[in-house]
Amino acid sequence: MRREDPEIKGRPVTQGAAPVTATATQDEAVLQISDLSVTYGARVVLDQINLSIRRGELVGIIGPNGAGKSTLLRAIAGLLRPDRGTIRFARAHGGTPRASRAQAQLGYVPQRIEMDPDVPLRACDVVGLGFDGHRFGLSWPNALKRQAVDRALALVEASEFGQSLVGRLSGGQLQRILIAQALVSEPSILLLDEPLSSLDLRSADAVVSIVDRVAHQSGVSVLLVTHDMNPLLRAMDRIIYVVNGRAVIGSVDEVVRPEVLKSLYGYDVDVVRVRGRILVVGDEEYGDEANRFHHHAP
Amino acid sequence: MWHLLWPSGLLSFSFMQNAWMAGSAVAVVSAVVGFFVVLRGASFVAHAVPRGSFAGAAGAVLMGQSSLLGLGLFALLSSLGIALLGRRRRGAVATALVLVAALGLGDLFLSIGNVYAPEVFALLFGQVVGISRADVYFVGSLALAVVLVVAWLYRPLLMHSVSAEVAEVRGLRPVLLDGIFLLLVAAAATATVPVVGALLAFSLMVGPAAAASLLAKRPSTAVFLSIALALVSVWISLWLAYITSWPIGFYVSAWSLVAYLAVRLGQASRRGRTTLAQSDGALKTTTRGNFSG
Amino acid sequence: MGFWHVLWPTGLFSNAAVVTAFRIGSAVAVVNAVVGVFVVIRGQAFSGHALGDVGATGAAGAYLAGITALWGFLAAGFSSGMAIESLGHRVRERDVATGVVLAFMLGLSALFLYLISALTETSGAPIAILFGSLFTVAPGMTGYVLGLSLSALLLLGIIFRPLLFSSVTPDVARVRGVSPRLVGLLFMVSLVVAVEESALVVGALLSTALLIGPAAIATKLSRQPLTSMALAMAIGVFTTWLGIILAYDSFLWPPLNRGWPISFFITSLMLLSYLTVQIASGRQRRSNAATALTDFGNLSTEREAWW
């Protein structure tokens with residue numbers, strides 16, 4: 001039934017929730033998603049998503065568990081094939097987003113990986129794989145690669161543990177190394193899958209500072225999946241709110257409003273602001289289902 | 001025609017009666033332990049412990065002792081070795097090293113003792129028709145002991161196998177449970193090796209349990225389904241081995257593969273598109289599990 | 001005399017069988033050490049071992065069919081390797097798939113060996129196939145072994161970086177255009193070649209020992225893949241030489257005076273070295289953990305002050 005909702009159906013989200021940007025995005029968009037749908041068997045995970053991302057903006061992909069956030073990111077990264085719709089990228093030097101994924105420079109940071117503490121790999125070797133790991137043949141040690149790796153390590157403030165064994169890094173350190181691995185290839189779009197989960201407050205804050213710098217100083221567009229928007233509030237330009245496979249994009253003030261979220265959830269929700277934190281709270285009468293998104297609470 | 005399919009002596013010869021009884025006991029114990037083997041992804045251990053115990057049997061024959069004694073001792077020693085070396089997610093490497101060390105010893109015993117080859121052949125590939133009534137009692141009581149221990153520790157073992165972390169939080173000691181699991185494998189190996197041989201003991205542990213865990217949705221159903229599949233596979237194998245006089249291990253392992261493949265193919269064709277979608281999720285799992293070796 | 005006699009027995013290098021053993025043993029040790037490092041990194045020890053065991057089935061089949069054993073080894077290795085690779089995508093699935101394939105191949109070898117002994121009345125064949133011996137390798141095999149070793153190393157050199165990439169962060173590798181499936185399949189090819197050639201000349205048992213042992217020790221001692229490989233090569237070659245020398249020498253040892261098997265020496269040396277390294281690194285890690293704990297203690301006091 002919800003799919004028939006006239007407010008949502010076929011609405012280009014960029015024009016709905018953020019009408020101001022509708023014309024501007026066409027010029028400076030680096031990523032254009034139109035009519036994207038993904039289904040797993042009978043389950044519709046993403047339903048007719050339309051959105052575009054501008055150069056050098058930091059966008060949080062936010063929503064409750066199982067809403068389709070990671071699926072959206074993985075579809076953009078090319079890790080799964082959508083059933084319908086197109087994803088277009090701008091070339092590195094600009095222009096309208098017409099290029100396919102192969103011509104785009106994508107950096108991808110996976111969810112935390114676990115490694116055996118004895119794997120004979122230093123953190124800088126993992127970063128180096130981002131530089132030339134996709135090439136066949138052996139590589140000779142070269143200054144270009146070393147400089148790129150050092151730069152990437154410095155960018156994420158990981159120079160001091162660059163020589164440590166990667167299997168013995170802490171969660172926050174490993175996360176920074178994975179970001180450096182993505183940055184070393186000088187991407188125009190950086191995709192991060194739940195980079196803040198299972199990090200303590202201090203490490204999460206460090207990661208947010210890094211992506212903030214990457215987006216706003218280096219001009220890389222950053223898309224970041226997270227289930228808690230609060231750590232990102234200070235750095236985020238726009239927000240993609242995903243619920244039940246549908247998405248709205250806009251600034252936090254435009255999107256995180258009861259009437260907008262109500263159209264996504266299909267029932268009343270409240271948005272509560274407490275001491276600079278935003279909580280989305282379900283209506284009491286929906287009981288368990290509403291509780292699903294209490295995760296925004298600290 | 002009929003007497004080819006039902007030759008005389010299939011049930012009446014006393015050695016065949018022993019084979020039926022020992023084979024059934026072995027099937028039950030392998031299936032029960034095999035359920036946990038599959039759940040924990042520990043096929044290598046299930047292969048290495050019986051195989052390593054072969055060295056002990058060779059050593060026992062060399063010293064003029066009962067081969068069962070050597071089997072049991074070496075099964076115990078290999079599982080202890082794996083338990084001690086294999087912590088910190090290096091299980092497979094430790095298992096490989098313990099296994100080759102045991103086999104190296106076996107090689108030494110064989111060349112020192114100059115053991116008569118057919119006897120070794122029987123240890124490797126099993127000799128189901130050579131089972132005495134005393135062997136049946138031994139195998140039967142060992143199987144009963146294993147089943148009782150599993151029944152007693154079923155819940156902790158299950159929780160530990162599914163998620164070691166959750167089990168630890170609930171106050172279960174992972175080292176202890178790892179040890180108990182390995183001891184169960186050792187006991188199952190000791191019971192199984194004389195019947196189906198050191199090389200194929202693990203095919204009974206892995207095959208039926210693997211097919212059962214794909215089919216069943218609940219753990220307890222998987223255990224019983226795995227027992228049923230193992231019993232059917234042993235009975236059919238015994239019957240075929242008796243008719244053709246080919247080694248029983250061949251039939252047991254062939255049935256394991258056929259059952260597993262049939263279930264895998266059945267699921268793949270039923271799911272179709274779903275499997276594709278899930279394999280994407282599966283790749284994600286691989287990311288995390290890649291170094292679990 | 002006494003001690004040196006053990007390490008440098010008289011007539012060591014004038015014995016043709018021993019010289020062949022040194023050559024072939026070294027080639028096998030080198031290729032297995034290099035491939036082994038990736039086996040350990042990727043957690044494929046079970047597959048590596050299974051491929052060695054499976055070779056025996058191929059050998060017995062080749063014996064029955066009357067073709068050269070080498071082709072039997074390679075055919076069995078490739079078919080099993082591809083079956084494992086295509087059945088096992090997830091980690092746990094892979095473990096079970098390896099187990100089921102290995103079980104079937106061993107069952108098949110039981111059948112083949114039974115048929116061999118039933119048809120030809122030779123009973124020693126199974127043992128020779130399962131254990132093998134460096135001293136009984138035909139000198140003519142040297143060329144094959146060198147060629148196969150080189151091609152396995154070459155293939156590994158070509159896929160080195162994408163393989164490492166997709167072993168560490170498979171999703172990132174995919175985004176960058178690497179196909180982890182394809183690279184994994186190519187690695188399986190070089191693994192099959194390495195394992196089967198060594199299973200052929202030194203037996204399934206030693207092939208696992210030389211594949212896993214040196215790599216397991218080396219990865220504990222070094223911090224980079226290439227260093228690990230160099231170290232693993234050194235360990236593998238050294239252990240093999242020591243094993244050959246001891247086995248040659250043991251012809252004079254009691255109680256037999258006809259030689260102890262070489263596999264016994266090599267496997268025991270591997271296990272002992274691994275134990276030593278494990279204990280040493282365990283001790284080191286404990287002291288690291290102690291430092292980390294004190295650090296954490298400092299951090300938490302810092303935090304309390306901050307709060």
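Just so it is clear, none of the values below were taken in a lab; they were calculated from the coordinates. Here the structure is a predicted model, which means the values were calculated and not measured. Here the Cβ is made from the backbone with ideal geometry for all residues, glycine too, and neighbour counts use every protein chain on show.
On a C-alpha basis, how far is the centre of region C:56-116 from the centre of region A:177-249 in Å? Whole number, if you could?
48 Å
Would you mind calculating the relative contact order of region A:115-186 from Cα pairs under 8 angstrom and at least 6 residues apart, reporting the percent as a whole number?
Relative contact order of region A:115-186: 53 percent.
Averaged over C:39-51, how many beta carbons belonging to a partner chain fall within 10 Å of each residue's beta carbon?
Mean shielding by partner chains, rounded to a whole number: 6.
Decide, for region C:12-294, between rounded, prolate and oblate: order the square roots of the alpha carbon gyration tensor eigenvalues as a ≥ b ≥ c, take rounded if a/c falls under 1.5, and otherwise choose prolate if a/b is larger than b/c, else oblate. Please list the in-between numbers first.
Details: a/c = 1.81, a/b = 1.21, b/c = 1.49.
Oblate.
Answer with one residue from C:ILE217, C:ALA65, C:ASN15: the one whose Cα lies farthest towards the positive end of the charge dipole of region C:12-294, charges on Cβ with Lys, Arg +1 and Asp, Glu -1.
Value: C:ILE217.
With charges only on Cβ, +1 for K and R and -1 for D and E, what is the dipole size of region A:115-186 about its Cα centre, in debye, rounded to 20? Walk me through the numbers before you get to the answer.
Numbers: 7 positive and 8 negative charges, 26 e Å.
Taking the Cα centre of region A:115-186 as origin, the dipole is about 120 debye.
For C:GLY243, what charge total do you get from the other residues with a beta carbon under 15 Å from its beta carbon, if Lys and Arg give +1 and Asp and Glu give -1? All intermediate terms of the calculation are to be shown ahead of the outcome.
Numbers: positive: C:ARG23; negative: B:ASP107, C:ASP249.
After counting each charged neighbour, the total is -1.
Among C:150-162, B:190-202, what's the highest-first ranking by average C-beta atoms within 10 angstrom per residue? Don't jump to the answer; show the numbers that get you there.
On the way: C:150-162: 18.9, B:190-202: 30.8.
The most tightly packed comes first, giving B:190-202, C:150-162.
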